[in-house]
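Engineer: Before we start, here is the structure in question, set down as structure tokens.
The values are calculated or read from the model by the stated rules, or taken from the named source; none is laboratory data. Model, not experiment: these values are computed from the prediction. Here the Cβ is made from the backbone with ideal geometry for all residues, glycine too, and neighbour counts use every protein chain on show. The accessibility values were calculated without ligands, DNA or RNA, using every heavy atom of the protein model including side chains. Shrake-Rupley method; radii C 1.70, N 1.55, O 1.52, S 1.80 Å.
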Amino acid sequence: MSLSSLGLRPLTVSVAFTSGPKGGTGKSTLVANIASMIDEPVVILDLGFDGNVTASRLHKVEYTDESSGFIDYVAYGSELNMIESKEEPNVKFIPPGSLKSLKIPKLVFSMPLEAMANRLSNMVALLAKSGLSILLIDLPSNPGFLGPLYPLLLYYSDIINVVIEPGQVYVGVLSELYKWLTKIVDDEAMVNVIVNKYHEYFDGYPKEANRYVIRGKVYLVRLDPVAMALTLKGELAVKYREAVVFKKSIDELTKDMVNQVSMYMGVVR
């Protein structure tokens, strides 16, 4: 999926993925596979602060305790570190940060909000200057770890994808997350709901989820045991024809997301 034929302005569009406080929804797996399907230069901000950097691992990217990253950039003004994917030449990663920085999140909490906002704005400008069209932000399942940075990242996002699984327990999570998002998202931001691991057994659930979109859509990523097995093996499932159900869902989702990104970039007349 490419933006080049549209003659778009050289901007970087921020696309955040969140599940709120609920882990295990497959959010990071979706981020990794979507990035693999996009033809444009993409950078993934992997915020797996608990060491579970799933998106990075699926792209065979590894970090050491000394690998500087996002927190080092925000807290110390360190140079923004980007590492290339070993699976896709057009995908780069911003690591969560060095072990030293991750152990002292209070340093970030003590920063003035304006200073953090300036760092985020400068980061996006730097990515645009580097020719990276799309920033995918893989937010952690523990919002408290990032403190005020968590809502700030959402506020600066053009598109927010809320990733959930089907089931009544997620309706409550989705409802609470929606109430929170309406208070912090930008007036022009778009909020989609992605129902991951969907099966027809949950008939009616897409209609329920549709109540919680903002200028966006509900997407269904269908349950695919083959894709789940490949992910457990550390592989990008979209690269395997055997994961046909998953690949079809991701292909449709990625095409639509690229179209949404193009709306924010604007077409040059």
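Engineer: For the range 151-184, name all the residues that are among the small types (Gly, Ala, Ser), under 19 Å from GLY23 (Cα atoms) and assigned to a loop (DSSP other than H, G, I, E, B).
Structural biologist: GLY167
Engineer: Would you point out the residue of the range 100-131, among those that are of a type in the set (Gly, Ala, Ser) and in a helix (DSSP H, G or I), that is modelled with the lowest pLDDT?
Structural biologist: Step by step, filter the range 100-131, then rank; the result is SER101.
Engineer: Looking at the range 230-250 only, could you name the residues that are open to solvent by less than 50 Å² (accessible area, probe 1.4 Å) and either farther than 16 Å from VAL42 by Cβ or in contact with a Gly (Cβ under 7 Å, 6 or more places away or on another chain) (or both)?
Structural biologist: Within the range 230-250, LEU230, THR231, GLY234, GLU235, ALA237, ALA243, PHE246, SER249 qualify.
Engineer: Right, here's the next one. Mind checking which residues of the range 251-263 are open to solvent by 50 Å² or more (accessible area, probe 1.4 Å) and touching a strand residue (DSSP E or B) at 6+ places or on another chain (Cβ under 9 Å)?
Structural biologist: Matches in the range 251-263: GLU252, MET263.
Engineer: How many residues are among the polar types (S, T, N, Q), buried (at least 18 other Cβ atoms within 10 Å of the Cβ) and out of contact with any Leu (no Cβ under 9 Å at 6 or more places or on another chain) if we restrict to the range 136-184?
Structural biologist: So the answer is 1.
Engineer: Going by the structure shown, is GLU235 at pLDDT 95 or above and over 13 Å from PHE17 (Cα atoms)?
Structural biologist: yes
Engineer: Looking only at helices (runs of 4 or more DSSP H) that fall completely inside the range 8-99, which ones have 1 or more residues that are open to solvent by less than 20 Å² (accessible area, probe 1.4 Å), at pLDDT 95 or above and closer than 26 Å to ALA243 by Cα?
Structural biologist: The helices (runs of 4 or more DSSP H) meeting that bar are 27-37, 54-58.
Engineer: Of the residues VAL245, VAL267, which is of a type outside the set (Gly, Ala, Ser), at pLDDT 95 or above and over 20 Å from the mean Cα position of the chain (by Cα)?
Structural biologist: Being of a type outside the set (Gly, Ala, Ser), at pLDDT 95 or above and over 20 Å from the mean Cα position of the chain (by Cα) holds for just one of VAL245, VAL267, which is VAL245.
Engineer: Related question: Kindly indicate the residue of the range 185-218 that is open to solvent by less than 20 Å² (accessible area, probe 1.4 Å), farther than 17 Å from LEU153 by Cα and part of a strand (DSSP E or B) and also modelled with the lowest pLDDT among those meeting that condition.
Structural biologist: My answer is TYR198.
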